[in-house]
Every structure is written in structure tokens, then in C-alpha cells.
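The values are calculated or read from the model by the stated rules, or taken from the named source; none is laboratory data. Predicted model only: the values in this text are computed from it and were never measured. Heads up, the Cβs are rebuilt from the backbone with ideal geometry, glycines too, and the neighbour counts pull from every protein chain shown. Keep in mind that these areas ignore ligands, DNA and RNA; they rest on the heavy atoms of the full protein, side chains included. Shrake-Rupley method; radii C 1.70, N 1.55, O 1.52, S 1.80 Å.
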Amino acid sequence: MRTGTFFVRAWRIISVLGLVFLLINSYISYPSQVAVMFNSAGLATQYLDRETLFYAAVAIFLINNVLMNSVARLIPKLPTDKIPVAAAWAQHRDGLNEVLVNWFHALMAAVNTILALSLFVLSMLNRSDFQVDGYTYGWLLPLSVFILASVIIALPIRLILMKPSSNNEFA
């Protein structure tokens, strides 16, 4: 198993376990009406039912994992001529399959991680002993953009800059 494959598998498993833990933990700790929007003074302006928030998060989790896993399983079954990659990668189909499957699994883990972090921030914001300010949740959007951009940009960089080697191994 390659280092990249190990990292993506570990990240995917940790993201699923972390998200399930945070789903259960946040459902227990949320009040019946969860504050989801705040004004500049830190006062809640919009609320959502705890059950609605929980089931929406579960739906996102299930759709993301089922959809990404289904697409990842279809990659090895695609004909090589239907995948728009350089000819160098087309000659090393096993390596190409591994790169593409890892990318879909990393995308799945990224969405799981962002959803888990969002639930964590909502849990912090809805604690009665916690002061709401911009520093409480200001890190979430830049971190989420960084995670998604890193995963999305990784595939073209991997396929364009790193060519497979001649002995059926890839760089």
C-alpha cells in the first residue's frame, strides 16, 4: 500500500468516525432550538429545530458517502479511452485507478471533515457558558475552503506534474 493511499484511507475512516461521534454528541448537547445565525452583537437571529439540523446533517453524510463511494467503485470499470488523461497514464491503468479512487475518497473525507467541523462550531456557539464572537467561528470558512481547494487541485497536479514510471510503478 502506498503512502498516499494509506493517508486517504486513514483520513476517510477518521472523518467518518469523527462525524458520527459529533452527530451524536451535538444532537445530545443541542437545545431544542439551535441558533444558526448571529448578528454583529453576538445575539442569535435565526433558529432551527434540533431534529431538522440533525437529519439534514445525516442526509448530507449519507448522500456524500454513498455517491462518492459509488463513483469511486465505477472508476476501475470505465474503459481507458473514456477517461480524459494523458497517454502516459492510460498505459498504466492500475496506477491511474488508484489515483482516481484515492481522489474520490479524499473528496468524501473532505466533505465529512467540513461537516464535522461545522457541527462542532454550532455546538460551541449554542453552549450557554460560551461567549459568541468572530473568533469563535471565523476560522471555519477559510479552513473549509483550504481543505476543499487542496483536494480539488490535487488531482490535476498529480496527473499533470507526476508521470507514471516505466516499470508499472508511478511516482
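Every listed requirement among (1) free of Cβ contacts under 8 Å to residues at least 40 places away in the same chain; (2) assigned to a helix (DSSP H, G or I) is met by THR5 save one, (1). Applying the condition of being at pLDDT below 90 and among the hydroxyl-bearing types (Ser, Thr, Tyr) to the stretch 135-152 and asking which residue is least open to solvent (accessible area, probe 1.4 Å) yields THR136.
Rundown of residues vs (1) open to solvent by less than 50 Å² (accessible area, probe 1.4 Å); (2) closer than 13 Å to HIS105 by Cβ; (3) touching a residue at least 12 places away in the same chain (Cβ under 8 Å); (4) of a type in the set (A, V, I, L, M), yes/no style:
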| position | (1), (2), (3), (4) |
| --- | --- |
| LEU17 | no, no, no, yes |
| ILE28 | no, no, no, yes |
| ASN39 | no, no, no, no |
| TYR55 | no, no, no, no |
| ILE75 | yes, yes, yes, yes |
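Residues in the stretch 77-89 that are in a helix (DSSP H, G or I) and modelled with pLDDT under 85 were compared, and the one that is most open to solvent (accessible area, probe 1.4 Å) is LYS82.
Among the residues of the stretch 106-134, just one is open to solvent by less than 40 Å² (accessible area, probe 1.4 Å), of a type outside the set (A, V, I, L, M, F, W, C) and not in a helix (DSSP H, G or I), namely ASN126. Scan (1) farther than 30 Å from LEU161 by Cα; (2) touching a helix residue (DSSP H, G or I) at 6+ places or on another chain (Cβ under 7 Å); (3) open to solvent by less than 60 Å² (accessible area, probe 1.4 Å); (4) free of Cβ contacts under 8 Å to residues at least 60 places away in the same chain for the single condition SER32 breaks and write down its number. SER32 satisfies every listed condition except (3).
Taken as a whole, the stretch 90-105 holds at least one residue that is surrounded by fewer than 16 Cβ atoms within 10 Å (Cβ to Cβ) and in a loop (DSSP other than H, G, I, E, B).
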